[in-house]
Amino acid sequence: MLEVTDLRITYGKHVALDGASISVGAGEMVAILGANGAGKSSLLGAVGGRVRPASGQVTYKGRDLLRLPQHALVEEGIALVPEGRGIFPGLSVAENLDLGARPRRAKARAGAIREQVFTLFPKLAERRAQIAGTMSGGEQQMVAIGRALMSAPDLLLLDEPSLGLAPIVVQEVFAALARIRASGLTIMIVEQNARATLALADRAYLIEAGRITGSGPADTLRTDPAVVRAFLGGAAVAES
Amino acid sequence: MTLLAIDHVTKRFGGLTAVNELSFTLAQGEVVGLLGPNGSGKTTLVNLISGDLAADGGRITLAGETLTGRRPDQVARAGVARTFQLVRILPSLSLTENVMIPAVFGAKSHWGAEARAVARDALERVGLAGRAETSAGALTYIDQKRLELARALAAEPRLLLLDEWLAGLNPTELAEGIALIRSLSESGITILIVEHIMEAVRALCSRVVVMNSGRLIADEATETALRDPHVIAAYLGEGTDA
Amino acid sequence: MKIALSLAALVALALAPFGVSDYGLGLLIGAVTYVTLASGWAVFSGHTRYVSLATVAFYGTGAYTVAVLNEAMPYWLVLIVAGLIGAAIALVVGLSTLRLAGVYFVIFTFGLSELVRQLITWYEVNVTGTLGRYIFLDVSAREIYWQMLALGAATIALTAWIQRHRLGLALRVIGDDEVVAAHSGIPLARTKLTAFVLSATILTLAGAIASPRWVYVEPSIVFNPTVSFLTVIMALLGGANRLWGPVLGAVPLFLAFEWLSARFPDTYPIFLGLLFILVVFALPDGILAGLERLKTRKTEDRA
Amino acid sequence: MLVTTLILGLVLGGTYALLALGLTLQYGISRIMNLAYGEFTLVSAFALVALFKGAGVPPLLAIVLIAPLGYAVGWILYAVMMRPLVARAGDAGRLDVASILATFGLMFLIQGGLLVTFGADFTSITYLDQGVNVLGVPVALNRLIAFAICVVAGGGLVLALGRTRWGLALRAVAQTPGSAPLVGIDVNRVARQGFALGTALAAIAGASIAMHQTFSATDGVVFTMKALVIVIMGGVGNVAGTLIAGLALGLVETFVATAIDPGLTLAATFAIFLVVLLWRPQGLFGRR
Amino acid sequence: MTNFSRRAALRAIALWTAASTLIGGPALAEGDKVRIGYAVARTGANATGAGITTIPNYELWVKTVNAAGGLKMPDGSQRMIEVVEYDNRSSNEDLVRSIERLASQDKVDLILPPWGTGPNLAVAPLFDRFGYPQLAVTAVTDKAPDFVKRWKRSFWLLGGGHDYAEGLVDVLKAARDAGTINNKIAAVSVADGFGIDLISGARPAFKQAGFDLVYDKSYPLGTSDFSAILSEAKASGADSFVAFSYPPGSFGMTKTAQSMGFNPKVFYLSVGGAFPIYPGIADGKAEGVMAIGGVNADSPAMQEYFARHTKEIGNPPDSWASAITYASLQMLEQAVARVGLDHEALANELSTGSFDTVIGTVKLEDNQLRDLWWVGQWQGGAFRAIDPADKPGASAPIIPKPAW
């Protein structure tokens, strides 16, 4: 469904990503693992239209994504939950969700999707009138994910959804992700919490210093000693 | 000897009580973890200690000296340094200049070569000495975090407040970061760490203070706290202790 | 070397009135006045990035002080008193306003100028019963020029000194990130206040020195908001955070004004507006930064 | 007496609020600090006079013609001049500086154009000048019309922003432009719309001012500053706040003029403005 | 390479052309022309005043003189006038520099003064230092006698605030004594030098004449709404409403008075009341409105001047300072014809000679024009002088003013 070929991203003289190629099939959940500054977020950003690559190709259902401005991607069925969440802190929860339902295909079904989101995150239903900026970090993350789901996407891009969250909230978020995953939505995720991510994902790519250095089924990677050393560390955190 | 004493400190925002009658102490040289779910008031407390916010009640003292009611720069000169949840560096200045600032304006007020020497020392301790003259904007995320720590060190603080300084690091970097903090602690700096990464908390802190909804729910040895049902219910969730 | 060069330029400028016509001298006075204003403005605003539109509040206060006191005490004493009044106003204003940030500070300082003007007007109308005041001082254009040149040179020297001093570093840090500044031990209020008062004193003195040329002052003349705008524009155009930036912005812009208004008295605002927009698009960070960019590009090309 | 003050103050405040509406959109949504705003209103005022005197178009009809024209001009201006500034600015502070500089140039440009075209003369028209009795207070009909336009435009805007999907997108861009593309909002387009709408409102304000006030080609700065004061007091981008701040300012000026001293009206305006800024820097109705 | 150098060459040519036109400044004078310079406000706050009263008359005069073959010299020859004009941007600093430029750089033969009291005072020391005679028209000041002593070649042609205030009191007193109006006066004044001069002259004069000043307030320059002021004035019970105002205020007050049905028996305005556009502003109901200044509307010279001004400039002149501005230029023209361009001789001639102008025969007293009209009134579509009542050409005032 998503095909990234020879992607190269530079910031001035700094090369963030040097010829990365990945693919994501329909219904798959693919994780991108790597160190800080390895280029994970740049890769995700390029797919989500936030970053303009220097060269390479990103095609989605056969369409060239790089020709489209960022805001047009939502209409194509791609929803990005960026690092730092990117919600509208001054608007209410309900307004944030309404904004998510802007694409044509989502407008008609907005009511039904909203119910699904509320089932997934009951807290949002309770607090729909609350100003999003006054919520805790975990709740804001739920708003962000909920808003992305409101656009009825085919592909969900998640950038560090557990960053800065308390362990109990991380569990909650991953539980929600598992349910979203189960609904059959295609997901591409960048996450520091490799253990929890690999538990959910089908496949993963490893990025080091701007290059893809490995890939494989999540189950295999979880037991690969090299991966364990580099990405999983010692004791795991909040494994579900 | 008690270095930092938080004594019945309260902070309200409108109708919300972010920190409620909170009390605990830090002994000289201790490394203590400050835990709690998002929105429990940890960052508010850090801001109260560092002078960003004024407490509505209670008292904070550093080695007997009252910090409450003082401005951030006065608190800084009293010997408290901090890092920020979202990295704050000065991108237009060089690494040396970034790190010089607290050396110049802190308690010791060095100037000229002296200040540069302090800055170089601090950069060396975090492993950035080789790039002292490049501009800070060009650093990667992890190096920016290092730089922020170096800046805190250059203040030659008595108390260091780390607000999720380890967040977003991968395991390799995490191990480095933990080692770095440990080396600071060994040099005698008292450290209060706000952190969600339990691995780091376990590795660094002999004791943790746990907050929930602005109140203190635990102040005990780390291992005890992590088994404490209150703490697990409020913060860690089930099946954490892997 | 640089200092020697600057001193030589200063001497040359000091001797310039002997070689030019009255108009030439007028041009010199105008250029030096705007250099002083722009540099004086940049003492506070250059590094902190607080865009102040209160320039004319101080400039006008200086002129008004001279108008009120010129018959009551000797000229040099009037200048000192003017400087003190400017500093005092800046202190009071600074204490209450320096916590405002961004565009709020901009608008506040503009409002301040208007308020000062309205209050002086009201006071003069209702209390003294006269609005216009006369300055019949025996100060020649040359003397005005030399005084202004001295003030301008002192301002630039002061800026250079500040940049090497801890005050300069403190201001730069404040300009970049006030939170970091505070947590590094920089007393925000005191630092900003010091720079603001220094800057205001210079601006007030500039007004006091320039005023004998006007002979007649009233609030609508001395509190002309255009002065504030021009000062900001000139400083930003040259590069407000650099030592010679304000000079590089003030001189060409002043001359452009002069040329255009002489050449096209009817349509010059149109040309000026176009020129301005052009400069904003072509030199986004100011002339000095533009020149430096050009230089680095050339060296890179050569490499 | 109190009723007189109240009514005169509200009518005056209405014209102030109308004047400020466009600026609050331009600065709030498009992030352009437009120093040429007053000149925009003047162009429209002159256009109304030219249409009325030259072609005999009734002013109320002229407003209907001028407003869409204002929208078009604003649209083009944003696309050609402001967009490149926004694109290169990066952060809000730099954009403030860049837009202040650029619109300062624009101010000269328009003022020069007006002086060349219309001269420096005072201009005014006589239209619906007769007094209307409002609760025993005579008020000029043209001022009442201006007030009505303010109520309609302001109220309509409040409703449109608060109740419609389109308004929600505008508010989203106003508050967090960085997040807007994530939900498929074309920030550039919305900012352009905001600027164009602001220009259209400036045109409406200018045209309604021309109906009841004498003006000249050099009055632009006065309008800009008045509008700016109101926008800041009401909270940038807050339409309801702008309406209330404008009305409040009109009431205060009228009250000071009748009860204290007309000589202090402008001083009172600025004093209140400064107090508001110090007490609530985000404006009376802005969110922190 | 060739492409590049051609482009560079083109650019160089373009630059050179632009630069030479910019730097070249005004073209060098030919020997047989008289160069006359002025620095007026084309932009900024003073632009409106200068644009109505000063600039049109300067242009009209130059046009008229040049059309007649040029400025006459004592030897009977004629020299064309060449104008050097700068914009003073309504800033005294720029104004001072422009005058320096005219005098020391352009070395023009004559310099005409700027518009406004403040600007005229600012340039007076310069005119004095460079020796140019200064025909200060648009400056209303009670200190003219002092200035004449200080600057020997300065001439003050528009009287002082007290003169106008006392003229108004004369008119009101006559009406009160005739029983037409009560002895209450409501006065407002604009808070700047001009307004304050007038009101501070008027207060003692009103008092001395036995009037009761029941409402006396000043308003700031830039006030646009007069509803509150006028409703207070209306409530004060005064028959006479007196405004020492500037055009925006004069116009605003007229419109507000009309819409609120404020019909005092005397409605007096200052600057702007005698403007040709005033009847239009007053919606054709200007009849009976009094204002500062006035002209002898019946004099053929004045009628000819009005017609010529209307034809050449596109609109009629105002009925106060315009005619005097034009008269000052005629004085200059005649003085040059008698004594030539020597500044000292010119100043002497202006000071002592008598001149035939659109406002009649002019002879200055102590370098001041004292034979002026203080109050005028709109009567039958023309703005006619009514005070001093004993001056030839004065019309009788219409009091009470017909209702709007």
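The values are calculated or read from the model by the stated rules, or taken from the named source; none is laboratory data. These numbers come from a predicted model, not from an experiment. Here Cβ is always computed from backbone atoms with ideal geometry, including for glycine, and neighbour counts include all displayed protein chains.
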Of those in region B:1-48 that are basic (Lys, Arg) and crowded, with 16+ Cβ neighbours inside 10 Å, the residue modelled with the highest pLDDT is B:Lys11
The residue from E:Gly201, E:Gly195, E:Gly222 that alone is on the phi > 0 side of the Ramachandran plot, outside the structural domain of E:Thr54 (by TED's automatic domain parsing) and either touching a Lys or Arg at 6+ places or on another chain (Cβ under 7 Å) or surrounded by 18 or more Cβ atoms within 10 Å (Cβ to Cβ) (or both) is E:Gly222
All-but-one check, B:Pro37 against (1) over 24 Å from B:Ala225 (Cα atoms); (2) assigned to a loop (DSSP other than H, G, I, E, B); (3) of a type outside the set (A, V, I, L, M), failing number (1)
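Which fully enclosed helices (runs of 4 or more DSSP H) of region B:159-242 have 2 or more residues being over 17 Å from A:Val169 (Cβ atoms) and over 19 Å from the mean Cα position of the chain (by Cα)?
Values: elements: B:171-186, B:198-204, B:222-227.
Those helices (runs of 4 or more DSSP H) span B:171-186, B:222-227.
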By residue number, the members of region E:126-157 that are in contact with a Pro (Cβ under 6 Å, 6 or more places away or on another chain) and either without any contact (Cβ under 8 Å) to a residue 60 or more places away in the chain or under 20 Å from C:Pro212 (Cα atoms) (or both) are E:Gln134, E:Ala136
Scanning region D:138-156 for residues that are crowded, with 19+ Cβ neighbours inside 10 Å, touching a residue at least 12 places away in the same chain (Cβ under 8 Å) and either at the interface with another protein chain (Cβ under 8 Å from one of its Cβ atoms) or under 21 Å from D:Ser216 (Cα atoms) (or both) gives D:Val139, D:Ala140, D:Asn142, D:Arg143, D:Ala146
Scanning for something of a type in the set (Gly, Ala, Ser), more than 9 Å from chain C (Cβ to nearest Cβ) and either more than 16 Å from D:Leu10 (Cβ to Cβ) or in a helix (DSSP H, G or I) (or both), does region D:255-262 turn up at least one residue? yes
Picked from region A:117-147 (must be outside any helix (DSSP H, G or I) and basic (Lys, Arg)), the residue nearest to the other protein chains (Cβ to nearest Cβ) is A:Arg127
Exactly one of C:Ala160, C:Ala101 is at pLDDT 80 or above, surrounded by fewer than 20 Cβ atoms within 10 Å (Cβ to Cβ) and either within 22 Å of C:Ala210 (Cα to Cα) or more than 11 Å from chain E (Cβ to nearest Cβ) (or both), and that residue is C:Ala160
The residue that is surrounded by the fewest Cβ atoms within 10 Å (Cβ to Cβ), considering only those in region B:74-98 that are outside any loop (DSSP other than H, G, I, E, B) and more than 10 Å from every other protein chain (Cβ to nearest Cβ), is B:Ser94
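Return yes or no: is C:Ile221 within 14 Å of chain E (Cβ to nearest Cβ) and farther than 25 Å from C:Val51 by Cβ? Lay out the reasoning, then the answer.
On the way: within 14 Å of chain E (Cβ to nearest Cβ): yes; farther than 25 Å from C:Val51 by Cβ: no.
Spelling it out, it is not the case that C:Ile221 is within 14 Å of chain E (Cβ to nearest Cβ) and farther than 25 Å from C:Val51 by Cβ.
Taking region E:174-232, which residues are among the basic types (Lys, Arg), out of contact with any Pro (no Cβ under 8 Å at 6 or more places or on another chain) and within 11 Å of chain C (Cβ to nearest Cβ)? If you could, list the steps in order and put the result at the bottom.
Taking region E:174-232 as the starting set, the residues that turn out to be among the basic types (Lys, Arg) are E:176, E:184, E:203, E:207, E:217.
When the remaining residues are screened for being out of contact with any Pro (no Cβ under 8 Å at 6 or more places or on another chain), the result is E:176, E:184, E:203, E:207.
Scanning region E:174-232 gives a single hit, E:Arg203.
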Among residues of region B:152-182 being farther than 24 Å from A:Arg195 by Cβ and of a type outside the set (A, V, I, L, M), the residue surrounded by the most Cβ atoms within 10 Å (Cβ to Cβ) is B:Pro157
Apart from one, (1) more than 14 Å from chain A (Cβ to nearest Cβ); (2) among the charged types (D, E, K, R); (3) under 15 Å from the mean Cα position of the chain (by Cα) all hold for B:Arg71; the odd one out is (3)
Taking region D:116-137 and the residues there that are within 11 Å of chain E (Cβ to nearest Cβ) and part of a helix (DSSP H, G or I), the one that is nearest to E:Phe262 (Cα to Cα) would be D:Phe118
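Within region A:117-136, can you find the residues that are of a type in the set (Val, Ile, Thr) and either within 9 Å of A:Val93 (Cβ to Cβ) or touching a Leu at 6+ places or on another chain (Cβ under 9 Å) (or both)? Spell out how you get there, then give the answer.
Filtering region A:117-136 down to residues of a type in the set (Val, Ile, Thr) leaves A:117, A:119, A:131, A:134.
Matches in region A:117-136: A:Val117, A:Ile131, A:Thr134.
In the list A:Arg181, A:Arg147, A:Arg114, A:Arg105, which residue meets the criterion of being touching a residue at least 24 places away in the same chain (Cβ under 8 Å) and within 30 Å of A:Pro225 (Cβ to Cβ)? First the steps, then the outcome.
Values: A:Arg147 fails: within 30 Å of A:Pro225 (Cβ to Cβ); A:Arg114 fails: within 30 Å of A:Pro225 (Cβ to Cβ); A:Arg105 fails: within 30 Å of A:Pro225 (Cβ to Cβ).
Going through A:Arg181, A:Arg147, A:Arg114, A:Arg105 in turn, the sole match is A:Arg181.
Run down A:Ala54, A:Ala26 and say which single residue is within 26 Å of A:Arg179 (Cβ to Cβ) and either in contact with a helix residue (DSSP H, G or I) (Cβ under 8 Å, 6 or more places away or on another chain) or surrounded by fewer than 24 Cβ atoms within 10 Å (Cβ to Cβ) (or both).
Values: A:Ala54 fails: within 26 Å of A:Arg179 (Cβ to Cβ).
Answer to the check: A:Ala26.
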Given the conditions (1) touching a Phe, Trp or Tyr at 6+ places or on another chain (Cβ under 8 Å); (2) in a loop (DSSP other than H, G, I, E, B); (3) surrounded by fewer than 24 Cβ atoms within 10 Å (Cβ to Cβ), every one holds for C:Arg242 apart from (1)
- Can you find even one residue in region C:107-115 that is over 30 Å from D:Thr224 (Cα atoms), within 14 Å of chain E (Cβ to nearest Cβ) and either in a helix (DSSP H, G or I) or under 20 Å from the mean Cα position of the chain (by Cα) (or both)? no
Restricting region E:164-189 to residues that are in contact with a helix residue (DSSP H, G or I) (Cβ under 8 Å, 6 or more places away or on another chain) and of a type in the set (Val, Ile, Thr), the one surrounded by the fewest Cβ atoms within 10 Å (Cβ to Cβ) turns out to be E:Ile181
When restricted to B:Ser185, B:Ser213, B:Ser109, the only residue surrounded by fewer than 20 Cβ atoms within 10 Å (Cβ to Cβ), of a type in the set (S, T, N, Q), modelled with pLDDT of 90 or more and under 25 Å from B:Leu67 (Cα atoms) is B:Ser185
Residue count, region E:275-302, condition under 25 Å from E:Leu112 (Cα atoms) and more than 13 Å from chain D (Cβ to nearest Cβ), comes to 6
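Looking at B:Gly29, B:Gly51, B:Gly36, B:Gly41, which is the one that is under 18 Å from the mean Cα position of the chain (by Cα), more than 14 Å from every other protein chain (Cβ to nearest Cβ), on the phi > 0 side of the Ramachandran plot and touching a residue at least 24 places away in the same chain (Cβ under 8 Å)?
Values: B:Gly51 fails: more than 14 Å from every other protein chain (Cβ to nearest Cβ); B:Gly36 fails: more than 14 Å from every other protein chain (Cβ to nearest Cβ); B:Gly41 fails: more than 14 Å from every other protein chain (Cβ to nearest Cβ).
Of B:Gly29, B:Gly51, B:Gly36, B:Gly41, the one residue that is under 18 Å from the mean Cα position of the chain (by Cα), more than 14 Å from every other protein chain (Cβ to nearest Cβ), on the phi > 0 side of the Ramachandran plot and touching a residue at least 24 places away in the same chain (Cβ under 8 Å) is B:Gly29.
Could you please let me know if C:Leu131 is in contact with an Asp or Glu (Cβ under 6 Å, 6 or more places away or on another chain), buried (at least 17 other Cβ atoms within 10 Å of the Cβ) and not in a helix (DSSP H, G or I)? Give the steps one after another, and end with the answer.
Values: in contact with an Asp or Glu (Cβ under 6 Å, 6 or more places away or on another chain): yes; buried (at least 17 other Cβ atoms within 10 Å of the Cβ): yes; not in a helix (DSSP H, G or I): yes.
Criteria met by C:Leu131.
Could you pull out the residue among E:Phe194, E:Phe241, E:Phe262 that is within 29 Å of E:Asn46 (Cβ to Cβ) and outside any helix (DSSP H, G or I)?
Details: E:Phe194 fails: outside any helix (DSSP H, G or I); E:Phe262 fails: within 29 Å of E:Asn46 (Cβ to Cβ).
Residue meeting the stated conditions: E:Phe241.
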Considering residues that are surrounded by fewer than 19 Cβ atoms within 10 Å (Cβ to Cβ) and over 11 Å from E:Asp87 (Cβ atoms), the number found within region C:252-272 is 4
